[in-house]
Every structure is written in C-alpha cells, then in structure tokens.
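Colleague: One structure, as structure tokens, below. Some questions next.
Rule-based calculations on the coordinates, nothing more; no lab input. Source: prediction; values computed, not measured. Cβ sites come from the backbone with ideal geometry, for glycine too, and all protein chains shown count toward neighbours.
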Amino acid sequence: MGLPLHSRLRQKIKNGSDSILLSLFPTHVSHDLIPSEKIRRILVIRINYRIGNILFTTPLLRALEQRFPNAKMDILIGAAYPAPLLKGFKTVENVFDFPRKLLKNPLHAYRYIQQLRSSHYDLVINLNTGSASDRGATFLARGTYKLGFNAVSNWSPLTHGIEAPKGNVHEALKPLYLMRAFGNQPTDFPQRMDIALSEKEHFEGLNELKKRLADQGYNWQEGVKIIGMFRDARFEKKIDNLWWKEWYVQMKQLNPDAVFIDILSPDVKEKLEEDLYTLLESNLRTLGSMLSQMSLFVCGDTGPMHLASASMVPTIALFKASTPVLYGTLGDHDLSLTIASSSPQEIAQTITEHLNTLPH
C-alpha cells in the first residue's frame, strides 16, 4: 500500500524546495576536523515537541560539556515544557523554544528570527538534517562552523558533515557520532541519558516524595522499596489496564512490603486500583527528582520512561509495538522487556528478580 495523498504531496513539496535551495545556496561540506580551540559559544538545534526526543539530546550535551568545559551552550527545541530537563548542565545558558503558532504568525516569526540571529556562535549543531525546521534554523543562525550528519539528497546549510551511523544504533546515542568532528569517538563519552540532577535536587525530590505520600496517609519507612508505574503511552504503544491489573496483583504478591505509586497524567486521571498511592506533577524536572528517589520505575515505551532513566532510577521499559534496540532504556540497572510473548505474571516475576539484584 502506497503513502497517503497528503504524505506524497508533502514529499513532493520537500523535494522541490530542496532542489531550489540547492541551486540558490549550494553547499560545500567539509569533512576536516573542526578547530576545537576556537569553540566558545555553541548552539544545539533540535526542534521537536516530544519529551523522549528532547531527552535523546542529553548524551551529546554531556559530551559537549566534557569536551568544551569552558564553552557556553544555547539549545533550540520545539515546546517550552521540556526545557527544564536541559537546564541542569553547567554549560547551558539558554533553552529557546519554537512554538508551532509561530508558523501561523509571520510577524512573530520574523521577531523570533531576529532574536535567533542576534547572537553569533562559534559552532551550530543540527541534530536532524532531515527536518526542514531544523535546517531552516541552522541556515538562519549565525555561526562560524555548522555541523550535522551528511544529507544525501537534502539541502543542508552545513560547513562540516559526519556520516550517520549504520545499523541499529539507539536514537539517543546517534548524536554522539557528531563528536567525530573534533577527533573523538562516540564511546569516549557516557552511553546513557542524563538530566544532570544536582545533589540539592535529589534531596528536594526525596522530601517532596515523602510529603506527597504523607498527604495520602503513608508513614515513610526507610528501606522500604518504592515502585513507580506509569500506564500511559501513545497509540499502539499503550498497554491496556486489564494487563496492568493482572501485573499489579502479581507484583503485590511477590513484593508484599513494597509501596506502589501510580503516576497520573492529563490522559490518565484515575488510579488503577484503590490501594495504590498516586503522584501527579506537571514540572518534568520536579517529577524527575522524585522519580530518582524510587527503587524502581515501570512503564511502557513513552517519554516518562526516558525521563525516569535519565533521572537515574532503575527503569523497566515494557515494549508492545516498538523496538527496544532503538528506543529502550540505557541505564546500568535498567531493563527493556518485550511483553508480546509473556503473561503479566511472567513479566512481574522477571521484574521482581531484577529488583532483588539491585543495590540498596
């Protein structure tokens, strides 16, 4: 079955615009190393509106911070709400968002472009050369060096290009290959997501978690295992409540002393069972600080799964439709499970065995 009409039209428009741009602004991409000593100001561009894709930038941000500890970074993303997730890095100064409404208001878009062009960067990094908005922002940004992955048929305003990795490379680790432009290898840097929570944030997260549970009648006890769960996900990735109920019954039997917390959201407003504690928090960084104080976090393939892993809580990712190879968890104590061939009871048994191996 072919692509739907709107997708074919969009592809034709994209191909036509690429041809025009290539004729007006021919690109000459260099494969030479970028002089590292000249990098003082960096702009990272990833205009996307989903939590997971923004968290996928964090391994590269950590690598840039290690490689250029005295540089200052700005980041351009899509929505404003994930911005706090990127503000824990010491070298990050500003996180700019690109609201979708700008596309409908030329005057606001013009002012936004003027703001983007008001700063000069030594290095501009485009994380998605297939994105028209990312390429447009890279073109408009003022930068001495512009780095991204080589685009075979797309117009791309880069000065330096790196070959994209071949094979099944996790989406969060692909950007690390751009560090080859400075003579590094991807494996020179941590192979995981990280929102860089401070010691103060960990402490505040613990106190806030204790408070939220106390408000629901729980008297905090040291050493008790706290297990968080999140049931929402997009489209076919979502696991139905009947599965979760069977899993929860088995988990309680296997872990009778554990405390279970149902993480709610705008789309999951009611807790799964009456005996569950609940947690609702819209500030993603605050949520991450509370998740970091749990013993374990269990959820489907969704943004909060990546947030939990990036907050350093042992995370169990349950995959129903997508592949964990490209989108699974990356932490040392994380686990990605495909649930299609296993019952809720079997998954609960596997998770409990994993939980018992974790350091206290």
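Colleague: Lys pairs in region 16-188, Cα-Cα under 18 Å, at least 8 apart or on separate chains: how many? Walk me through the numbers before you get to the answer.
Modeller: Numbers: 38/72; 38/146; 72/87; 72/90; 72/146; 146/174; 166/174.
Close lysine pairs found across region 16-188: 7.
Colleague: Taking amide H positions as placed in the peptide plane 1.01 Å from N, state which residues far from residue 296 in sequence (5 or more) or on other chains have amide H under 5 Å from it.
Modeller: For residue 296, the qualifying residues are 226, 228.
Colleague: Lys/Arg Cβ at +1, Asp/Glu Cβ at -1, dipole of the chain taken about the Cα centre: which of 129, 157, 172 is farthest positive-ward?
Modeller: 157
Colleague: How much of the DSSP beta bridge set in region 117-172 is antiparallel, as a percent to the nearest 5?
Modeller: On the way: 0 of 8 bridges.
Percentage antiparallel, nearest 5: 0.
Colleague: Summing -39500 (n - 2.57) over the DSSP H runs of n ≥ 4 in the chain and dividing by its residue number, what mean residue ellipticity at 222 nm do you reach, to the nearest 500 deg cm²/dmol?
Modeller: Theoretical 222 nm ellipticity from helices: -10000 deg cm²/dmol.
Colleague: Still on this structure: Calculated from the structure, Cα extents along the principal axes in Å equals which of (i) 87, 51, 40; (ii) 67, 52, 40; (iii) 86, 43, 39?
Modeller: Of the labelled values, this structure produces (ii).
Colleague: Would you mind checking which residues have amide H under 5 Å from residue 97's amide H? H placed 1.01 Å from N; only 5 or more apart, or other chain.
Modeller: Close amide H contacts, sequence-distant or interchain: 77.
Colleague: Turning to a different aspect of this structure: Order the peptides 261-268, 160-167, 31-38, 327-334 from the highest to the lowest mean number of other Cβ atoms within 10 Å of their residues. Write down the numbers at each step before the final one.
Modeller: Working: 261-268: 17.1, 160-167: 13.8, 31-38: 11.2, 327-334: 18.6.
Packing order, densest peptide first, comes out as 327-334, 261-268, 160-167, 31-38.
Colleague: Search the structure for amide H atoms under 5 Å from the amide H of residue 30, placed 1.01 Å from N in the peptide plane, and list their residues when 5 or more places away or on another chain.
Modeller: 160, 161
Colleague: Which of the peptides 122-131, 251-260 is most tightly packed, and how do the rest follow, going by the mean number of other Cβ atoms within 10 Å of each residue?
Modeller: Values: 122-131: 21.9, 251-260: 15.9.
By packing density, highest mean first, the sequence is 122-131, 251-260.
Colleague: Moving on to the next point. Defining a contact as two alpha carbons under 8 Å apart and six or more residues distant in sequence, what relative contact order in percent does the chain show?
Modeller: 16
Colleague: Once phi is turned into ³J(HN,Hα) by the Karplus curve 6.51 cos²θ - 1.76 cosθ + 1.60 with θ = phi - 60°, what whole-Hz value does each residue of region 308-317 show in order, with x for glycine and proline?
Modeller: 4, 4, 6, 8, 6, 8, x, 10, 9, 9
Colleague: Only bridges with both residues in the chain count here: give the DSSP antiparallel percent, nearest 5. Don't skip to the answer; put the middle values down first.
Modeller: On the way: 1 of 44 bridges.
Expressed as a percentage, antiparallel bridges in the chain total about 0.
Colleague: Within a Cβ distance under 12 Å of residue 346, other residues only, what is the Lys/Arg minus Asp/Glu net charge? Present the calculation step by step, with values, prior to reporting the outcome.
Modeller: Working: positive: none; negative: 246, 353.
Counting the neighbours of residue 346, the net charge comes to -2.
Colleague: Also, quick follow-up: Can you list the lysines whose alpha carbon sits under 21 Å from that of residue 237, skipping same-chain ones fewer than 8 residues off?
Modeller: Partners within reach: 245, 269, 271, 320.
Colleague: Provide the packing ranking of 349-360, 49-60, 74-85, i.e. peptides ordered by the mean count of other C-beta atoms within 10 Å per residue, highest first. Write out the running numbers ahead of the final one.
Modeller: On the way: 349-360: 12.8, 49-60: 21.7, 74-85: 19.6.
The packing order, highest mean first, is 49-60, 74-85, 349-360.
Colleague: Let me ask another. Report, for region 208-327, the % of DSSP beta bridges that are antiparallel, rounded to 5.
Modeller: Working: 1 of 17 bridges.
Restricted to region 208-327, the bridges split so that about 5 percent are antiparallel.
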